[in-house]
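The values are calculated or read from the model by the stated rules, or taken from the named source; none is laboratory data. The structure displayed is predicted, hence computed values, not measured ones. Heads up, the Cβs are rebuilt from the backbone with ideal geometry, glycines too, and the neighbour counts pull from every protein chain shown. When the accessible area is computed, the model is the full protein with side chains, heavy atoms only, and any ligands, DNA or RNA have been set aside. Shrake-Rupley method; radii C 1.70, N 1.55, O 1.52, S 1.80 Å.
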There are 2 protein chains.
Amino acid sequence: MARATQKRTLETRARLIAAAEAIVAEVGFEALRVEEVVLRAGTAKGTFFVHFKDKDTLMDLIIGPRIDAHLDALQAGPAPRTIEEMTGALMPLCDLMTCERYVFDVILRYSGAAGVAEIGPIASTFGRQIEIFAQWFDDAPFRRDVTADLLAEGVQAFVIQAMAAQFCALHNSQSIRERLEPYLRAWLTPAAGGT
Amino acid sequence: MARATQKRTLETRARLIAAAEAIVAEVGFEALRVEEVVLRAGTAKGTFFVHFKDKDTLMDLIIGPRIDAHLDALQAGPAPRTIEEMTGALMPLCDLMTCERYVFDVILRYSGAAGVAEIGPIASTFGRQIEIFAQWFDDAPFRRDVTADLLAEGVQAFVIQAMAAQFCALHNSQSIRERLEPYLRAWLTPAAGGT
DNA sequence: TAAAAAAGTTGACCACGGTCATTTTTTTTG
DNA sequence: CAAAAAAAATGACCGTGGTCAACTTTTTTA
């Protein structure tokens, strides 16, 4: 049977994460350097990669909980009953995810787990998002011709689309919220149509 | 006034691109190394970066036209009249965009132009996509309560969502097409609802 | 408690994208 | 045509993420 993790290990890991958090607070995610992290944590460079598969994995670990905090807030609050309420509720999450171009890229890259055994913090938050959105739709004044899960996945797709447009000089004259609202209105309260 | 580009320059650039295309054909996009490109092209490493801002820019240049080729085909064909026809028409494009994880990442990163003056090949294709989709909807048996442009942007969002799921071990038991169809059905032929 | 085994750490080293002062080639000027 | 100016190419060098064989510390075994 596997031996218990040593206290020393946990301490080293905690020092590395604390150093990384401090650096992020000071210079942002993109400017974080592994060298700087190990310097502050007082470890060798190799130690970093013993604890984290790569730099992005550490980012996953730092960004994931921040997203989760927003999801906690969403879950604690009431289900939005209008499109305006919904976009309003989603904006803090969008702002976090688009705080840096680099952060948005990491989130997209990590939003899907590479393997079932490797569901990282960010990938988990994407699963949670669907759950939370779907709960909103279980009993809401929106369309009911499709499953709540499908509606939820659509909301996620549109949120991503709206955020991505923010980084495009051709489209960023509109705010994320301005882009998201027509999407969600058309998705959640369609006037019917089609053959 | 600016002097004309030298023939030598165009030749060097052509050699670099040809070398890159050959490498991609042999080992794929992800395994391409700049060192290998310049070795085959018979130039110094620095020359590569005189011609391309960075490695990703070259990728943009190689991937963009391939997407365009598919868009040409879509534009040449008739507008799909059913969801099945639409997903069928879109699949070749999806297969190209997801041929490698790395390719999908590059496409996402370059899908939005960083500046109006820097609209690269891939970013252009995303604009074209919207135009082509919107044309489909100008006269189609789908919902008509929202603009064709909005419908087109939605299709794009759902295509990306379906492709992204393909790289997630949690979801990739379903094919892209199987995921895309319910999305598009719900988006393009809603049964009405909402308040 | 000593020896063996496992866990944890280390830092020199590598891979690879990207830079830039210098050199070579081409074009323009007079 | 030679001299000057501009354009293009060069390759040694750098930054940074990541590896790994050797070393140190902790835990287990007997």
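Per-residue answers, yes or no, for (1) at the interface with chain B (Cβ under 8 Å from one of its Cβ atoms); (2) open to solvent by less than 10 Å² (accessible area, probe 1.4 Å); (3) within 16 Å of the chain's Cα centre (by Cα):
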site	(1), (2), (3)
A:Ser124	no, no, yes
A:Pro141	yes, no, no
A:Ala152	no, yes, yes
A:Asn172	no, no, no
A:Arg177	no, no, no
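Is it the case that A:Phe167 is over 30 Å from B:Glu85 (Cα atoms), within 11 Å of another protein chain (Cβ to nearest Cβ) and among the aromatic types (Phe, Trp, Tyr)? I'd like the intermediate steps shown before the answer.
Values: over 30 Å from B:Glu85 (Cα atoms): yes; within 11 Å of another protein chain (Cβ to nearest Cβ): yes; among the aromatic types (Phe, Trp, Tyr): yes.
Considered against the rule, which asks whether it is over 30 Å from B:Glu85 (Cα atoms), within 11 Å of another protein chain (Cβ to nearest Cβ) and among the aromatic types (Phe, Trp, Tyr), A:Phe167 comes out as yes.
Go through segment B:161-170 and give me each residue that's under 17 Å from the mean Cα position of the chain (by Cα) and either open to solvent by 30 Å² or more (accessible area, probe 1.4 Å) or among the aliphatic types (A, V, I, L, M) (or both).
B:Ala162, B:Met163, B:Ala164, B:Ala165, B:Gln166, B:Phe167
Criterion first (open to solvent by 50 Å² or more (accessible area, probe 1.4 Å), more than 12 Å from chain B (Cβ to nearest Cβ) and assigned to a helix (DSSP H, G or I)) does A:Gln135 satisfy it?
Here the answer is yes, as A:Gln135 does meet what is asked.
With the requirement that a residue be farther than 20 Å from A:Thr98 by Cβ, buried (at least 17 other Cβ atoms within 10 Å of the Cβ) and more than 10 Å from DNA strand D (Cβ to nearest atom), what does segment A:1-39 give you?
Residues satisfying the conditions are A:Thr12, A:Arg13, A:Arg15, A:Leu16, A:Ile17, A:Ala19, A:Ala20, A:Ile23.
For segment B:44-53, state whether one or more residues are more than 12 Å from DNA strand D (Cβ to nearest atom), among the aromatic types (Phe, Trp, Tyr) and either open to solvent by 60 Å² or more (accessible area, probe 1.4 Å) or closer than 30 Å to B:Thr98 by Cβ (or both).
No, because not a single residue in segment B:44-53 is more than 12 Å from DNA strand D (Cβ to nearest atom), among the aromatic types (Phe, Trp, Tyr) and either open to solvent by 60 Å² or more (accessible area, probe 1.4 Å) or closer than 30 Å to B:Thr98 by Cβ (or both).
Looking at segment B:119-142, can you tell me whether even one residue there is basic (Lys, Arg), at pLDDT 95 or above, in the same structural domain as B:Asp68 (by TED's automatic domain parsing) and over 21 Å from B:Ala76 (Cα atoms)?
no
I'd like to check something: does segment B:60-67 contain any residue that is within 15 Å of DNA strand D (Cβ to nearest atom), of a type outside the set (Val, Ile, Thr) and part of a helix (DSSP H, G or I)? First the steps, then the outcome.
Looking only at segment B:60-67, we keep the residues that are within 15 Å of DNA strand D (Cβ to nearest atom), and these are none.
Checked against the condition, which is being within 15 Å of DNA strand D (Cβ to nearest atom), of a type outside the set (Val, Ile, Thr) and part of a helix (DSSP H, G or I), segment B:60-67 yields no hits at all.
Among B:Ala79, B:Ala18, B:Ala25, which is the only one that is away from DNA strand C (no atom under 16 Å from the Cβ) and in contact with a Phe, Trp or Tyr (Cβ under 9 Å, 6 or more places away or on another chain)?
Exactly one residue qualifies, and that residue is B:Ala79.
Since A:Met86 meets every condition but one in (1) within 14 Å of chain B (Cβ to nearest Cβ); (2) within 16 Å of DNA strand D (Cβ to nearest atom); (3) aliphatic (A, V, I, L, M), which condition does it not meet?
Among (1) within 14 Å of chain B (Cβ to nearest Cβ); (2) within 16 Å of DNA strand D (Cβ to nearest atom); (3) aliphatic (A, V, I, L, M), the lone unmet condition for A:Met86 is (2).
Which numbered condition trips up B:Pro80, out of (1) open to solvent by less than 40 Å² (accessible area, probe 1.4 Å); (2) farther than 23 Å from A:Thr125 by Cβ; (3) touching a residue at least 40 places away in the same chain (Cβ under 8 Å); (4) not in a loop (DSSP other than H, G, I, E, B)?
Condition not satisfied by B:Pro80: (4).
Considering (1) surrounded by 21 or more Cβ atoms within 10 Å (Cβ to Cβ); (2) in contact with a helix residue (DSSP H, G or I) (Cβ under 8 Å, 6 or more places away or on another chain); (3) in contact (Cβ under 8 Å) with a residue 24 or more places away in the chain; (4) not charged (D, E, K, R), say which one B:Thr98 fails and leave the rest.
Failed condition: (1).
For A:Asp145, all conditions in the list (1) open to solvent by 50 Å² or more (accessible area, probe 1.4 Å); (2) in a helix (DSSP H, G or I); (3) of a type outside the set (Phe, Trp, Tyr); (4) within 7 Å of chain B (Cβ to nearest Cβ) hold save one; what is the number of the exception?
Checking A:Asp145 against (1) open to solvent by 50 Å² or more (accessible area, probe 1.4 Å); (2) in a helix (DSSP H, G or I); (3) of a type outside the set (Phe, Trp, Tyr); (4) within 7 Å of chain B (Cβ to nearest Cβ), the one that fails is (2).
Within segment B:112-120, is there a residue that is touching a residue at least 24 places away in the same chain (Cβ under 8 Å) and aliphatic (A, V, I, L, M)?
Going residue by residue through segment B:112-120, those that are touching a residue at least 24 places away in the same chain (Cβ under 8 Å) are B:120.
Next cut, aliphatic (A, V, I, L, M) only: none.
No; the residues of segment B:112-120 include none that is touching a residue at least 24 places away in the same chain (Cβ under 8 Å) and aliphatic (A, V, I, L, M).
Which pairs do you get when a residue that is more than 14 Å from chain B (Cβ to nearest Cβ), found in segment A:44-56, comes within reach of a residue that is within 7 Å of DNA strand D (Cβ to nearest atom), reach meaning Cβ atoms under 7 angstrom, with the pair 6+ apart or on two chains?
A:Lys45/A:Val34; A:Lys45/A:Glu35; A:Phe48/A:Val34; A:Lys55/A:Val34
Within segment A:57-68, identify whether any single residue is within 11 Å of chain B (Cβ to nearest Cβ), under 17 Å from A:Met163 (Cα atoms) and buried (at least 16 other Cβ atoms within 10 Å of the Cβ), and answer yes or no.
Within segment A:57-68, not a single residue is within 11 Å of chain B (Cβ to nearest Cβ), under 17 Å from A:Met163 (Cα atoms) and buried (at least 16 other Cβ atoms within 10 Å of the Cβ).
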